[in-house]
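Student: Sharing a structure with you now.
Just so it is clear, none of the values below were taken in a lab; they were calculated from the coordinates. Model, not experiment: these values are computed from the prediction. Every residue, glycine as well, gets a Cβ built from its backbone with ideal geometry; the counts of neighbours run over all protein chains shown.
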Amino acid sequence: MDSTKKNDFRLLLTTPQANITGIFIVKQVNGEWRGTIINEFGIKILDFVSTPKKCTLLNVISFIDKWYIKKTMASDIRFIMEIDNPNYTVGIKANRQLVGDTLVVSYKKEKEIRRFPNEEVQYKNNKRALTYSLKKMYETER
């Protein structure tokens, strides 16, 4: 991710019950990743602020405004955003390996993130059976 510019991604969140699509927008401001998730109709799902110590969800839409959903999503977003940060404890303990041209970072058997050469990122929360697929959006797609 570009730490000086706004990063836009197409988001596909796969759950055991449904697939949710939207846009994941993030920018680094004063050492914190600040972002938002918007569905394909332009309705804001949530905002977040992620640091190596904590991820806080803000302005959460009512259908996911439950403590257990917010806890899981905050943990997942923090893993995605902070995995390369040397101050993120989980990132330090994570196992990193190259599989072909793809970087695979896994933590225990619970979390795994894959960075593909085409700038696509796929994160799996194996414990909750959630998959976040992020595909970079370019100027021509906006």
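Student: Is there a residue in segment 91-99 that is of a type in the set (D, E, K, R), within 25 Å of residue 119 (Cβ to Cβ) and over 15 Å from the mean Cα position of the chain (by Cα)?
Tutor: yes
Student: Right, here's the next one. Out of the residues in segment 60-118 that are β-branched (Val, Ile, Thr) and farther than 23 Å from residue 37 by Cα, state the one that is surrounded by the fewest Cβ atoms within 10 Å (Cβ to Cβ). Working first, answer last.
Tutor: Start the filter on segment 60-118 by keeping residues that are β-branched (Val, Ile, Thr), which leaves 60-61, 64, 69, 72, 77, 80, 83, 89-90, 92, 99, 102, 104-105, 113.
If we keep only those that are farther than 23 Å from residue 37 by Cα as well, we get 89-90, 92, 99, 102, 104-105.
Values: 89: 11, 90: 18, 92: 10, 99: 8, 102: 14, 104: 16, 105: 19.
In this case the residue turns out to be 99.
Student: Tally the residues that are in a loop (DSSP other than H, G, I, E, B) and either in contact (Cβ under 8 Å) with a residue 12 or more places away in the chain or under 18 Å from residue 74 (Cβ atoms) (or both), restricting the search to segment 84-107.
Tutor: Residues in segment 84-107 being in a loop (DSSP other than H, G, I, E, B) and either in contact (Cβ under 8 Å) with a residue 12 or more places away in the chain or under 18 Å from residue 74 (Cβ atoms) (or both): 5 in total.
Student: Tally time: how many residues in segment 13-36 are more than 12 Å from residue 132 (Cα to Cα) and either in contact (Cβ under 8 Å) with a residue 40 or more places away in the chain or within 16 Å of the chain's Cα centre (by Cα) (or both)?
Tutor: Filtering segment 13-36 for residues more than 12 Å from residue 132 (Cα to Cα) gives 16-18, 25-36.
With the extra rule that they be either in contact (Cβ under 8 Å) with a residue 40 or more places away in the chain or within 16 Å of the chain's Cα centre (by Cα) (or both), the set shrinks to 16, 25-28, 32-36.
Qualifying residue count for the region: 10.
Student: Still on this structure: Take the residues in segment 24-40 that are out of contact with any Gly (no Cβ under 9 Å at 6 or more places or on another chain) and hydrophobic (A, V, I, L, M, F, W, C); name whichever of them is surrounded by the fewest Cβ atoms within 10 Å (Cβ to Cβ).
Tutor: Per the criteria, the residue is 29.
Student: What number goes with the only condition from (1) buried (at least 16 other Cβ atoms within 10 Å of the Cβ); (2) over 19 Å from residue 13 (Cα atoms) that residue 46 does not pass?
Tutor: Among (1) buried (at least 16 other Cβ atoms within 10 Å of the Cβ); (2) over 19 Å from residue 13 (Cα atoms), residue 46 violates only (2).
Student: Next question, about the same structure. Among (1) in a loop (DSSP other than H, G, I, E, B); (2) more than 19 Å from residue 20 (Cα to Cα); (3) of a type outside the set (Lys, Arg), which single condition is residue 81 missing?
Tutor: It is condition (1) that residue 81 fails.
Student: In this structure, does residue 48 turn out to be in a strand (DSSP E or B), within 19 Å of residue 1 (Cβ to Cβ) and in contact with a helix residue (DSSP H, G or I) (Cβ under 9 Å, 6 or more places away or on another chain)?
Tutor: yes
Student: Which of the residues that make up segment 120-140 are out of contact with any Leu (no Cβ under 9 Å at 6 or more places or on another chain) and either free of Cβ contacts under 8 Å to residues at least 12 places away in the same chain or in a loop (DSSP other than H, G, I, E, B) (or both)? Spell out how you get there, then give the answer.
Tutor: Narrowing segment 120-140 to residues out of contact with any Leu (no Cβ under 9 Å at 6 or more places or on another chain): 125-129, 136-140.
Listed by number, the residues that qualify are 126, 127, 128, 129, 137, 138, 139, 140.
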